[in-house]
Amino acid sequence: MKASANHPHYRPTSITCACGNVIETFSTRGDFGVDICSNCHPFFTGKQKLVDTAGRIERFNRKYGRTSKTQD
């Protein structure tokens, strides 16, 4: 029997994370990279990444004209 034409080619694939972790699996897509994986994601590691919230708040206040002065 001839192989069916409606099934895609399923081949070994390497998924590379930005942290350097390489995951070997199978896919129809081929090799590709991701920004975050289970080795570096805060949900799985229990570590929270620091985010510059102070800079964001200052930028928001400048953009919308809010100041930290109290009104009389």
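The values are calculated or read from the model by the stated rules, or taken from the named source; none is laboratory data. What you see is a predicted model, and the numbers here were worked out from it, not measured in a lab. For neighbour counting, all protein chains shown are included, and Cβ atoms are generated from backbone atoms with ideal geometry for every residue, glycine included.
Of note:
- Pair list, Cβ under 6 Å, 6 or more apart: segment 17-35 residue in contact (Cβ under 8 Å) with a residue 12 or more places away in the chain, other residue among the acidic types (Asp, Glu): Ala18/Asp35
- Checking each residue in segment 16-44 for being outside any loop (DSSP other than H, G, I, E, B), at pLDDT 90 or above and out of contact with any Cys (no Cβ under 8 Å at 6 or more places or on another chain) picks out Thr16, Val22, Glu24, Thr25, Phe26, Ser27, Phe32.
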